[in-house]
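The values are calculated or read from the model by the stated rules, or taken from the named source; none is laboratory data. Treat the numbers as computed from the prediction; the structure is a model and nothing was measured. A quick note on method: Cβ atoms are made from the backbone with ideal geometry, for glycine too, and the neighbour counts reach across all protein chains shown.
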């Protein structure tokens, strides 16, 4: 089967959607399917013959994050020529209603066309405003996938229809394999790990506030903050005003080194404030066998079972976050039990499992396309 995977976001920047596409492409290729990734890229064009660069991107602030998307409308002829040349059996567009490349792919696709919807936001103003323009575009999809119930509910409010739920996947073995803890963190302190970009929606300021309270109750604790970017002025103010000790900012860490940080951690914490359609970072921690304290938001609750794999707390509630962390700090047996449950649960999200479900959906849709319509 020949598959074209269309990404709306700049493929030279790391992100959840681009990572999803890269991993799906790798697993489909491993099964002897022919796969090409089609995406904008502002960096050096990929040397891979399986990557087709279409346009550059521009950073657009959106819902507390930055989306790097292409507005290269003059690429229409190139998109059409690419599809005519490659003759894909399946064109799989991620975030198919995003500008501009996905919409052009929808317009020019003559193959079986599948869309995966990743996003979730509390506000639906964007879909509400663009609904009349996009109604015709979404009808071109032969199949629709949503990565979670929140993602499905978000898009189906204005574009109702049948959506197949197929979650994101993770490289379970990468995080579950034994890794040497980082020596400087092996001094007997309880290590709490945060992994994420310095975006307000990731909730780092709430974790810092909670940790400042926890530190008084449990002095033998440390907070390790992994991710690109610098703490914003509000985070710096909290650290300075409360004179918080034992907070370590590592900066960005290569993907290959992340298992060492999970191996060094006793508890993983993700206090995101919302707008998360899924919980990939939670699954990585679960695969590493770590108990979790996380915000009780839709995307996280669809992955983590409260009381079994970890603890869910109301978002932006600093004291509730501190209390949940304190409980796990003081109860090593609970940490071990939750970590074991989470590690077992993470196996359902192996890329081998997820890719099989995607392929089954392709085959189902291809069969439907071959069958004559019922009079």
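Counting only residues that are within 26 Å of residue 18 (Cα to Cα) and more than 15 Å from the chain's Cα centre (by Cα), which one in the stretch 295-312 is surrounded by the most Cβ atoms within 10 Å (Cβ to Cβ)? Applying the filter and picking the extreme gives 295. Taken as a whole, the structure leaves residue 167 outside the set of residues that are touching a helix residue (DSSP H, G or I) at 6+ places or on another chain (Cβ under 7 Å), part of a helix (DSSP H, G or I), surrounded by 17 or more Cβ atoms within 10 Å (Cβ to Cβ) and at pLDDT 90 or above. Under the condition of being in contact with a helix residue (DSSP H, G or I) (Cβ under 8 Å, 6 or more places away or on another chain) and under 21 Å from residue 163 (Cα atoms), the residues counted in the stretch 323-349 number 1. Being under 24 Å from residue 14 (Cα atoms), modelled with pLDDT under 95 and not in a loop (DSSP other than H, G, I, E, B) is not true of residue 274. Of all residue pairs spaced 6 or more apart or on separate chains, those with beta-carbon atoms under 7 Å, a first member in the stretch 251-262 that is within 12 Å of residue 178 (Cα to Cα) and a second member that is surrounded by fewer than 14 Cβ atoms within 10 Å (Cβ to Cβ) are 259/177; 260/180. The set of residues in the stretch 207-230 being under 16 Å from residue 273 (Cβ atoms) and over 21 Å from the mean Cα position of the chain (by Cα) consists of 208, 209, 210. Of the strands (runs of 3 or more DSSP E) lying entirely inside the stretch 1-92, those containing at least 3 residues that are at pLDDT 95 or above are 2-6, 34-39.
Within the set 366, 321, the sole residue that is more than 21 Å from the chain's Cα centre (by Cα) and either exposed (fewer than 13 other Cβ atoms within 10 Å of the Cβ) or not assigned by TED's automatic domain parsing to the domain that holds residue 23 (or both) turns out to be 321.
I need a count of the residues in the stretch 93-105 that are closer than 22 Å to residue 168 by Cβ and part of a helix (DSSP H, G or I). Show your work before the answer.
Residues of the stretch 93-105 that are closer than 22 Å to residue 168 by Cβ, as a first pass: 93-98, 101-102, 105.
Imposing the further condition that a residue be part of a helix (DSSP H, G or I) reduces the set to 101-102, 105.
Residues flagged as closer than 22 Å to residue 168 by Cβ and part of a helix (DSSP H, G or I) within the stretch 93-105 amount to 3.
Being in a helix (DSSP H, G or I) and closer than 27 Å to residue 289 by Cα is the filter here, so list the residues in the stretch 217-249 that pass it. Result: 217, single match.
Kindly indicate whether any position in the stretch 28-38 is out of contact with any strand residue (DSSP E or B) (no Cβ under 7 Å at 6 or more places or on another chain) and buried (at least 16 other Cβ atoms within 10 Å of the Cβ). Among the residues of the stretch 28-38, not one is out of contact with any strand residue (DSSP E or B) (no Cβ under 7 Å at 6 or more places or on another chain) and buried (at least 16 other Cβ atoms within 10 Å of the Cβ), which makes the answer no.
Against the numbered list (1) closer than 30 Å to residue 95 by Cα; (2) touching a residue at least 12 places away in the same chain (Cβ under 8 Å); (3) outside any helix (DSSP H, G or I), residue 160 comes up short only at (2).
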